[in-house]
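To start, the structure under review is shown below, and the notes come after it.
The values are calculated or read from the model by the stated rules, or taken from the named source; none is laboratory data. What you see is a predicted model; the values in this text were computed from it and never measured. Backbone-built Cβ (ideal geometry, glycine too); neighbour counts: all protein chains shown.
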Amino acid sequence: MSELPIADAKVLTFDLNQCSDREFCEVFGADAGLAHNLVEYRQEVLHVFKFEQLLKLRGMSHERIAAWTAPKPDEKPNTELQGALGLPTEKPEPIEKLLGALARRAGATVCLVNAREGALVLHTAPDDSTEETLVTAVSELVRPTQEGLVQMRLGAADVQVISYAKHDLIALPAGAFYLVALQPSGGTTAENLKLWKALAAEVARRVPPRMIIDNHAKVGDSDIAFDCLKCHLRLVVDRAGIGFSFPCPRCKTRVTVPPETTSFSSFIQPEDLRIDPKAA
């Protein structure tokens, strides 16, 4: 496990064209319907180049785009949580300090797991063997997905508790992170779980993620990229469309999908068009 600042930009930045359904919902607060529509639209156009393209989708708005692209951390102190952890309530305490306070209270080892950077240990108990147990437990919970991302095996639950011989593992979403804690068995009471949930919500509130668009998308291995011979519009078609003919969207000249990519660039540009030849 590596140690990184909790507000590290690399950790908190998500590319719209790489976000999964789960990340749209759990990280950015979209409902399941909007998340599904976002993924479908992205597949339809191959690559989204401007956030304004999303305004045609139901549930998207300028306000939502602003919240995703330029989030403003809520700097108000959580007086209830800080008071419960025995911390001053006049100003917001650093997230690292909140994690440490609850970890000490619960006798726990704690880490935040980010979907793109692996596990970040922000507070650990003095017992190295406990930290080793946490690392092992996290590796069992994490599963790899496409593009080198990871996903926690939490299912639909907002919190999961797994009992080991001497410890309870608690895992729950926390915005751009998952909060994972390993504490002694028997300590997972309703009051204790309430504190872990409050801390996870505080992480999400105080350290919001930011969505970006990377315009340097590559033509995929399953794509054919070629140019219209008349107007030179660049077209990108799934390899399954090899041999299909259809009118060029710009000049209406009949084009046929070649057996191999013939376009000079391996990058998708904003003016390129994703075509479904079967529907053309």
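I want to confirm something. Restricting to segment 86-117 and keeping residues that are closer than 15 Å to residue 179 by Cβ and among the small types (Gly, Ala, Ser), which single residue is modelled with the lowest pLDDT?
115
When you scan segment 251-266, do you find a residue that is without any contact (Cβ under 8 Å) to a residue 40 or more places away in the chain, aromatic (Phe, Trp, Tyr) and not in a strand (DSSP E or B), even just one?
Yes: segment 251-266 contains one or more residues that are without any contact (Cβ under 8 Å) to a residue 40 or more places away in the chain, aromatic (Phe, Trp, Tyr) and not in a strand (DSSP E or B).
Between 227, 238, 168, 221, which is under 30 Å from residue 95 (Cβ atoms) and without any contact (Cβ under 8 Å) to a residue 40 or more places away in the chain?
Being under 30 Å from residue 95 (Cβ atoms) and without any contact (Cβ under 8 Å) to a residue 40 or more places away in the chain holds for just one of 227, 238, 168, 221, which is 168.
Could you list all residues from segment 41-67 that are part of a helix (DSSP H, G or I) and touching a Leu at 6+ places or on another chain (Cβ under 9 Å)?
Result: 41, 42, 45, 51, 54, 62, 64, 65.
Filter segment 182-206 down to the residues that are farther than 13 Å from residue 103 by Cα, in contact (Cβ under 8 Å) with a residue 60 or more places away in the chain and not charged (D, E, K, R) and list them by number.
Correct list: 198, 203.
Results for (1) hydrophobic (A, V, I, L, M, F, W, C); (2) surrounded by fewer than 16 Cβ atoms within 10 Å (Cβ to Cβ), shown as yes or no for each residue.
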{"site": "197", "(1), (2)": "no, no"}
{"site": "203", "(1), (2)": "yes, no"}
{"site": "206", "(1), (2)": "no, no"}
{"site": "210", "(1), (2)": "no, yes"}
{"site": "215", "(1), (2)": "no, yes"}
{"site": "218", "(1), (2)": "no, yes"}
{"site": "222", "(1), (2)": "no, yes"}
{"site": "225", "(1), (2)": "yes, no"}
{"site": "236", "(1), (2)": "yes, no"}
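Among (1) under 30 Å from residue 194 (Cβ atoms); (2) among the aliphatic types (A, V, I, L, M); (3) part of a helix (DSSP H, G or I), which single condition is residue 87 missing?
If we test residue 87 against (1) under 30 Å from residue 194 (Cβ atoms); (2) among the aliphatic types (A, V, I, L, M); (3) part of a helix (DSSP H, G or I), just (3) comes out false.
Considering each residue of segment 68-80, count those that are in contact with a Lys or Arg (Cβ under 7 Å, 6 or more places away or on another chain) and not in a loop (DSSP other than H, G, I, E, B), and give that number.
Of the residues in segment 68-80, 1 are in contact with a Lys or Arg (Cβ under 7 Å, 6 or more places away or on another chain) and not in a loop (DSSP other than H, G, I, E, B).
Being closer than 24 Å to residue 51 by Cα and in contact with a Gly (Cβ under 9 Å, 6 or more places away or on another chain) is the filter here; which residues of segment 213-237 pass it?
Matches in segment 213-237: 236 only.
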